[in-house]
Amino acid sequence: MSAKGVNGAGGSLLRNTFFQTILLSNVLLQIGIWVRNFAILMYVTDKTNEDPFAISLMGFVEFLPIFVFSFIGGTFADRWKPRLTMIWCDFLSAISVLIVLITLLYGSWHMVYFATFVSAILSQFSQPSAMKLFKQHIPAEQLQSAMAMFQSLIAIFMVLGPSLGVMSYQKFGIEVSIGVMGVAFLLSAVVLFRIPRDREVERTEAAAERHFWQELKDGFAYVWRSPVLKALGGTFALAGIAVGIANTLGLFIVLERLGQPKEFLQYMLMVNGVAMLVGGGFVMVVAKKVAPQKLLALGMLISSLTMLGIGWSTSIPLTLVLQFIGGLGFPMIQIGISTMILQWSEESYTGRVNGVLTPMFMGMMVIMTLVAGQLKLVFPLVGIYTAAGTAMFLGMLLLVPLFKHKPLIAQTSA
């Protein structure tokens, strides 16, 4: 693709009112989320004198809603108006933060868990609604470019976000940090009013009377009937296994394989974040030339090989190079997944498809996060990373039969 073509695609996207608005909203949400994650983590660490249970509870309250509410949120996203759903979710997040701030001022610090828990629940309703809006307002041929730009923005915050959260807590304290979080969520809700009003969809009397649980069941059946979505579910589960292991045991790579202090982990994460920015830019360039299933397969192949290499490497330069290459593949995975869900699901099922597939990845990731430490006591680190890389490679192989499939362009609303 020529540079002119790339600039043209990006320019037309940035002139899209919906896309402008969703990017600005996401900037505000990312500020709130990263301040929440790291300011509260630092606060809990200080308050409990580095108690491992209290710290691990932060991850539990963040990931539990994904299991419990992802199916439900996806189904309601298909029933409710997506624009209003997103606005209300951000507004309610801001209200919950205000409640936490008031209780903090009057002495109950444990309520910081409540802020994370409520925000995580509401995101399970907001995120599939955003996917529906992407399908409504972004032309099918621009979806992959849009996802690439969206992912690049998230990558920027993966580099800057941890420092933002830590700096907010260290300079201003937990009360101001939580206040920043609440203001960010509130401003996001206000910004979302710029999105064009939701379409008025005529529902037949039979459709209006359909039970919620029947619609939820229909969502599972829809995924099961689709060879593409069914294979994507298997890919999700295998990728979750690999990512859960790699995320949990990365610190042991630093300590045991590289012989560095634990603080060295931040440099590996920074290298990974910079690579994600580069990878997102690469996807924007090739978005119209590469099918999303091939993009996803390439990303998973890169991740599988770099996991194997990182597990075996004892060289700091080599490990950092592999970490960078692995970071290049991550946006391909994220963008490929999002684009496939949008292109291979009808608009009326987008929320439920997202709600069915997401827990497959998150479920396996959290399970492996819980058991990876126990595996480390029994198996060598090299063997565990080899297993993780193999799981990612098997997930890639599931995608190969999908290379011949074409997206459901007919069902895509532009």
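Just so you know, all these numbers are worked out from the coordinates, no wet-lab data involved. Everything numeric here is computed off the predicted structure, so don't read it as measured data. Note: ideal-geometry Cβ built from the backbone for every residue, glycine included; neighbour counts use all protein chains shown.
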When the Debye formula is applied to the Cα atoms of region 220-400, each taken as the same point scatterer, what base-10 log of I(q)/I(0) results at q = 0.16 Å⁻¹? -0.96
Measuring from the lowest to the highest alpha carbon on each principal axis, how far does the chain reach, largest first, in angstroms? 62, 56, 45
Principal axis lengths of region 99-180 from Cα atoms, whole Å, largest first? 53, 26, 14
So if R0 is 41 Å, what FRET efficiency would Ile99 and Leu160 give, r being the distance between their Cβ atoms, rounded to the nearest 0.05? 0.90
What is region 1-195 by shape, rounded, prolate or oblate, if you read a ≥ b ≥ c off the alpha carbon gyration tensor as root eigenvalues and call it rounded for a/c under 1.5, prolate for a/b larger than b/c, and oblate otherwise? prolate
For region 326-343, what does the Karplus curve 6.51 cos²θ - 1.76 cosθ + 1.60, with θ = phi - 60°, yield as ³J(HN,Hα) per residue in whole Hz, taken in order and with x for Gly and Pro? x, x, 5, x, 4, x, 4, 5, 4, 5, x, 4, 4, 5, 5, 4, 6, 7
Relative contact order for region 220-400: what percent, with Cα pairs under 8 Å and sequence separation of 6 or more? 45
Once you put a point 7 Å from the Cα of Leu318 and another 7 Å from the Cα of His211, both along the Cβ direction, what distance in nm separates them? 6.0
Determine the calculated [θ] at 222 nm for the chain from helices alone, applying -39500 (n - 2.57) to every DSSP H run no shorter than 4 residues and normalising by the residue count; nearest 500 deg cm²/dmol. -28500 deg cm²/dmol
Spacing of the two label points (7 Å from each Cα toward its C-beta) at Lys294 and Leu255, in nm: 4.4
Per 0.36 nm of contour for each residue apart, how much would the distance between Phe53 and Val278 grow if the chain were fully extended, relative to their Cα-Cα spacing? 77.3 nm
Taking θ = phi - 60°, what integer Hz values does the Karplus form 6.51 cos²θ - 1.76 cosθ + 1.60 yield along region 296-311, in sequence order, with x for Gly and Pro? 4, 4, 5, x, 6, 5, 4, 5, 5, 5, 6, 4, 4, x, 5, x
Relative contact order for region 73-212: what is it in percent, counting Cα pairs under 8 Å that are at least 6 residues apart? 43
